[in-house]
Every structure is written in structure tokens, then in C-alpha cells.
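The values are calculated or read from the model by the stated rules, or taken from the named source; none is laboratory data. For clarity, every value in this text was computed on a predicted model and none was experimentally measured. Counting neighbours? That spans all protein chains shown, and the Cβs are built from the backbone with ideal geometry, glycine included. Side chains included, ligands, DNA and RNA excluded: accessible areas come from the protein's heavy atoms. Shrake-Rupley method; radii C 1.70, N 1.55, O 1.52, S 1.80 Å.
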Amino acid sequence: MLSKNKKGFNPSYDDVPNIRFSLRLTEKLQDELSNYSQKCNMSMNALILKCIEYALDNKEDINDKK
């Protein structure tokens, strides 16, 4: 269960990215992302952006581990 301050994953994406960045993936991960992005009717790039955004929004605060 998510805590009150953490958001669930939402695959829709509204922001327009404008910075180019290269990323190397395993073939298995690329296949999974490609299949999921097709199911969500979105680009793989937008899906990766949403995954990164979700991870950052739901990360543990480093200070909580001290």
C-alpha cells in the first residue's frame, strides 16, 4: 500500500520533454517497455519518462535511513 505522500503510477504524460539523453537497455527490458508502451498507446520515451518521474516521486528520503 502506498503511503499518503506517495503517488500511484500513471502512464499518461502531458509535459513536452526537450533535453536529449541516451540510455542503454537490456534487450529484455526494451521488449517489455515496448510492449507496455504499445498497450498504453504511448511512446516508449514517454513511458520511460513516467517511470523515472514515478521513481523520483516515490523515493525514500535519504535522511530517513540515518
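Structural remarks
- The requirement of being modelled with pLDDT of 90 or more, within 21 Å of residue 8 (Cβ to Cβ), surrounded by 11 or more Cβ atoms within 10 Å (Cβ to Cβ) and not aliphatic (A, V, I, L, M) is satisfied by residue 32.
- Of note, residue 54 does not satisfy the criterion of being surrounded by 10 or more Cβ atoms within 10 Å (Cβ to Cβ), modelled with pLDDT of 90 or more, of a type in the set (Ser, Thr, Tyr) and not in a loop (DSSP other than H, G, I, E, B).
- Checking each residue in segment 17-37 for being polar (S, T, N, Q), more than 16 Å from residue 53 (Cα to Cα) and in a loop (DSSP other than H, G, I, E, B) picks out 22, 26.
- Here residue 60 fulfils each of the conditions (1) open to solvent by 80 Å² or more (accessible area, probe 1.4 Å); (2) modelled with pLDDT of 90 or more; (3) acidic (Asp, Glu) apart from (2).
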